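The values are calculated or read from the model by the stated rules, or taken from the named source; none is laboratory data. Every value quoted in this text rests on a predicted model; they were computed, and no experiment measured them. Cβ sites come from the backbone with ideal geometry, for glycine too, and all protein chains shown count toward neighbours.
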């Protein structure tokens, strides 16, 4: 009797295994030919909506390692053996550091549709060295003054000075990163090159910042900013943009970003290929996919945070497929659009500090938080 | 009884002795091992890292005082230190006071079986993740959230309570209150009842019994509860970041800021060591006070 049961159980297991193997075979066969492409990236870019089509078309699985902030990205690469990351998505101002540290490969200009880029973005600052591009410009956005309309009107947001209004005491939020905050306040001080400050300008900037401290409600991460702005806990957050308010507006929140008359900053994200990547061909194909009109529209409407895109073909397709989104993001082809803001000189590129070290800016920010 | 049996018994007893010793050794061995792995080694590593340097965002073994110099040279360091210390001490005292009536009820009013059920309920919050509990507080505290809606319904302004000390305190209490409740209940339940009966028989009023018999007898346990509330609040990062926010920058936030800013693990290690040192001093002082000879 006992023996019988064991025999049946064995048979059952055998049969089960065979059945499972039969069912799984196509997947296994498929997986055998499948390659992995590793990507070091800001959060949200490995969204299946964006990369799913590429994964299917090329039988590849993209393995994304996400980071928060350029420092963390550099640390990730520095701590990993060469070739760990095939594709690196970084903020444009960090491309120079990546290149100088020897972390990224030179690209072949003819592989990418630079001719299709709007002229502003073709020879983008810090991307080309001795005639070779080391990164391709993927997406960008403006940073200005994001505000909850119920608490701060667009008219009031026309100047950053509104942040100091007694009505907003304890109602101003901050994104917890020194670069966009100090850059924006540098614009308030009227610095033509907001990141290139001599000692006098720098001292003045730290004083301007400290004078804002009593107004500050809190220092937030991505999720914190979304809820603080939506609920009206904070009236406004300087130095951020549609990458936050666009997400909230999609949900119907009454928030927007205004570029005040003192100007705004431009953030930029670019793609590079990691040094020592064993999948150079695939990485190149991925970059080409992201710069294709389809890839561009997908990254423009990224769920985590939307952005503007640098290619004409991308704009055309976006206007075709999602005219509402093109309108909302100010990327309409016939009529005034975001490029006019750049051409009018209202937008400065976000950069790393020129005369001070990154550490000095960091320390100043920590001191401000602890004040 | 009979002499032939003796030689056979002696080896058996020796074996039994050996068995007993092995048995005890098995129980004792983990203690030094755990102490080594979970305390001495991490602490040693922390001390070592505080003398390392960061080269190109990479932690590099070194023997430099630069991290110590940097951290001790921060002009806001002591302000942040005392802010952290004061806030957690205030939370610890408030949590202890809040917990006391409940502990008293569980120890002296509830029947033993009821006490078990009540203690079980007090532990129940631990079944959900602490992070989740802190996030849920946001729903209550935010503008337009549960609390502000109720206040508005009664004609108040109903502003957001996030980024206030009250919010931070709620976070600390969420973490520490159950622990304090348990420690206090055990301390009070173990107070010798004969002393209480004697005091009552001699005509002491309930207030006098509480302050002159129960509290002194339960002092070590109550002090332990206070200490745990302090330890948990002091090292707390989640509610400091998500409830207290910008208004209350504490040392744990400073630690994460230092790591985020250029991977400065050595500097973060220095701040952590300062925290550990101050915690040890506080713990020592509390324990000395708790077990001080009466008189």
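Return the total of residues in the range A:329-371 being within 22 Å of residue A:259 (Cβ to Cβ) and not in a loop (DSSP other than H, G, I, E, B). Count: 9. Among the residues of the range A:58-70, is any surrounded by fewer than 22 Cβ atoms within 10 Å (Cβ to Cβ), more than 19 Å from the chain's Cα centre (by Cα) and in a loop (DSSP other than H, G, I, E, B)? So far as the range A:58-70 goes, yes, one or more of its residues are surrounded by fewer than 22 Cβ atoms within 10 Å (Cβ to Cβ), more than 19 Å from the chain's Cα centre (by Cα) and in a loop (DSSP other than H, G, I, E, B).
Among (1) within 14 Å of chain B (Cβ to nearest Cβ); (2) surrounded by 16 or more Cβ atoms within 10 Å (Cβ to Cβ); (3) touching a strand residue (DSSP E or B) at 6+ places or on another chain (Cβ under 8 Å); (4) more than 17 Å from residue A:284 (Cα to Cα), which single condition is residue A:103 missing? Exception for residue A:103: condition (4). Annotation: of all residues in the range A:348-365 being buried (at least 21 other Cβ atoms within 10 Å of the Cβ) and under 15 Å from residue B:75 (Cα atoms), the one that is farthest from the other protein chains (Cβ to nearest Cβ) is A:365. Restricting A:244, A:273, A:237 to those that are within 14 Å of another protein chain (Cβ to nearest Cβ) and at pLDDT 95 or above reduces the list to A:237. Contact map, the range B:241-266: first residue on the phi > 0 side of the Ramachandran plot and facing chain A (nearest Cβ under 8 Å), second residue outside any helix (DSSP H, G or I) and crowded, with 22+ Cβ neighbours inside 10 Å, Cβ cut-off under 8 Å, separation 6 or more or different chains; pairs are B:245/A:217; B:245/A:218; B:245/A:219; B:245/A:220; B:245/B:162; B:245/B:163. Take residue A:180 and decide whether it is under 23 Å from the mean Cα position of the chain (by Cα) and crowded, with 24+ Cβ neighbours inside 10 Å. No, not satisfied. Hey, could you check the range A:78-96 for residues that are in a helix (DSSP H, G or I), touching a strand residue (DSSP E or B) at 6+ places or on another chain (Cβ under 7 Å) and within 14 Å of another protein chain (Cβ to nearest Cβ) and say which is surrounded by the fewest Cβ atoms within 10 Å (Cβ to Cβ)? Of everything passing the filter in the range A:78-96, A:79 is surrounded by the fewest Cβ atoms within 10 Å (Cβ to Cβ).
The set of residues in the range B:248-282 that are assigned to a helix (DSSP H, G or I) and more than 17 Å from residue B:81 (Cβ to Cβ) comprises B:259, B:260, B:265, B:266. Please indicate, with yes or no, whether at least one residue in the range B:97-108 is loosely packed, with under 15 Cβ neighbours inside 10 Å, farther than 29 Å from residue B:241 by Cα and under 26 Å from the mean Cα position of the chain (by Cα). Scanning the range B:97-108 turns up at least one residue that is loosely packed, with under 15 Cβ neighbours inside 10 Å, farther than 29 Å from residue B:241 by Cα and under 26 Å from the mean Cα position of the chain (by Cα). Is it the case that some residue within the range A:187-204 is in contact with a strand residue (DSSP E or B) (Cβ under 6 Å, 6 or more places away or on another chain) and within 14 Å of another protein chain (Cβ to nearest Cβ)? Taking every residue of the range A:187-204 in turn, none turns out to be in contact with a strand residue (DSSP E or B) (Cβ under 6 Å, 6 or more places away or on another chain) and within 14 Å of another protein chain (Cβ to nearest Cβ). Of everything listed in (1) closer than 28 Å to residue A:78 by Cβ; (2) surrounded by 12 or more Cβ atoms within 10 Å (Cβ to Cβ), the single unmet condition for residue B:63 is (2).
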